[in-house]
Amino acid sequence: MILDDLDARPGSATSLLRTVVGLYARDLGGRLAAGGLVALLGAAGVAPGAARSAVSRAKAKGLLDAEDVGGRAGYRLAAGTAAMLERGDRRIFGYRQQREDDPWCLVSFSIPEERRDARHQLRRHLAGLGCGTVATGLWICPGHLVDEVEGVLDGLGLRDAATVFVAGPPRVAGSLADAVARWWDLDGLAARHRDFLAAHPDPGAAGTDPEPAEAFARWVRAVDDWRPLPYADPGLPAAVLPPDWPGTAGVARFAAVRAAYAGAAAAHVRAVVPTLGP
């Protein structure tokens, strides 16, 4: 199983490559000519040299395999990449907020010191799924993420070191909202939502529709900035969030950007890739 990349920084060539591949490679049959991929990244603001370096890193991480495409150098999705991208689609485009009566998922693990690297990786990936930390070896997230938690444990080969519980609301001293504020960095999450809102204005305020190439650039940049957010923010119940929570506006803004730009962006891809790609 290919696990999600936790190191790519939004806006970097590596991150934009993963975003472009995730958005369009499957619709193109899982194959892209090198020139077509570099051209698409160029439209998103990535210089050719940086694009080629990002492709090399993607190959090294097992995301892409080199393959001749119509007599030209190209790439295809590596085995397991499509499944990883489908998991990402569910998070990115199917943001789900937990209801008050929905179950919670708890992950208890004990990994000995001689496997501390594996323990570190597990903590990184649980945090990457949006889990909160109750204690050193006890993490928590909304119950609808249980399959993703199981996938991380399997992917890291640590299923035997953890027990997963699906349970009702935790019973805590004081309010659950206060406990949630200790288990998650809500201030940090709120700041990330506000950053997204500031970086991607309401398309309805623009007045005119951009050309397809510009729509493509705006859409890819928006997805690239948004992509980590539904992972960091697991969709906690509204009742345990601050009353001015900006995540609601963030979800709505992403939907508005998608409605405004995704169609024209796809048209740009169709115009570019048949000429340079397969």
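The values are calculated or read from the model by the stated rules, or taken from the named source; none is laboratory data. Keep in mind that this is a model prediction, so the values were computed, not measured. No Cβ is skipped: glycine too gets one built from the backbone with ideal geometry, and neighbour counts run over all protein chains shown.
When segment 128-152 is filtered for residues that are over 16 Å from A118 (Cα atoms), part of a helix (DSSP H, G or I) and hydrophobic (A, V, I, L, M, F, W, C), the ones remaining, listed by number, are L145, V146. Every condition in (1) in contact with a strand residue (DSSP E or B) (Cβ under 8 Å, 6 or more places away or on another chain); (2) outside the structural domain of T136 (by TED's automatic domain parsing); (3) surrounded by fewer than 18 Cβ atoms within 10 Å (Cβ to Cβ) holds for S175 except the one numbered (1).
Taking R123, is it free of Cβ contacts under 8 Å to residues at least 40 places away in the same chain, surrounded by 14 or more Cβ atoms within 10 Å (Cβ to Cβ) and either in the same structural domain as G157 (by TED's automatic domain parsing) or not in a helix (DSSP H, G or I) (or both)? Taking the combined requirement at face value, the residue satisfies it. Take W245 and decide whether it is out of contact with any His (no Cβ under 6 Å at 6 or more places or on another chain), among the hydrophobic types (A, V, I, L, M, F, W, C) and not in a helix (DSSP H, G or I). So W245 passes the test.
At least 2 residues being over 16 Å from the mean Cα position of the chain (by Cα) and surrounded by 15 or more Cβ atoms within 10 Å (Cβ to Cβ) is the threshold, and among the helices (runs of 4 or more DSSP H) wholly inside segment 17-107 those reaching it are 34-43, 48-60. Screening A198 with (1) touching a residue at least 12 places away in the same chain (Cβ under 8 Å); (2) hydrophobic (A, V, I, L, M, F, W, C); (3) not in a loop (DSSP other than H, G, I, E, B) gives one miss only, at (1).
Only one of the listed residues (V134, V149, V164) is touching a strand residue (DSSP E or B) at 6+ places or on another chain (Cβ under 8 Å) and crowded, with 18+ Cβ neighbours inside 10 Å. That residue is V149.
Residue check: A252 meets all listed conditions (1) buried (at least 18 other Cβ atoms within 10 Å of the Cβ); (2) out of contact with any Lys or Arg (no Cβ under 7 Å at 6 or more places or on another chain); (3) within 21 Å of G88 (Cα to Cα) but one, namely (1). Of the residues A267, A177, which is over 21 Å from the mean Cα position of the chain (by Cα), of a type in the set (A, V, I, L, M, F, W, C) and modelled with pLDDT of 95 or more? Result of the check over A267, A177: A177. It is to be established whether one or more residues within segment 102-120 are under 30 Å from F254 (Cα atoms), in contact with a helix residue (DSSP H, G or I) (Cβ under 9 Å, 6 or more places away or on another chain) and hydroxyl-bearing (S, T, Y). No - not one qualifying residue is present in segment 102-120.
Here G132, G151, G174 are screened, and the one residue that is closer than 30 Å to A256 by Cα and either touching a helix residue (DSSP H, G or I) at 6+ places or on another chain (Cβ under 6 Å) or of a type outside the set (S, T, Y) (or both) is G132. Consider segment 108-120 and keep the residues that are surrounded by 18 or more Cβ atoms within 10 Å (Cβ to Cβ) and outside any helix (DSSP H, G or I). The one that is farthest from the chain's Cα centre (by Cα) is I111.
Give D195, D224 a once-over and let me know the one that is of a type in the set (D, E, K, R), under 21 Å from S12 (Cα atoms) and within 15 Å of the chain's Cα centre (by Cα). Quick ask: steps written out before the conclusion?
Working: D195 fails: within 15 Å of the chain's Cα centre (by Cα).
It is D224.
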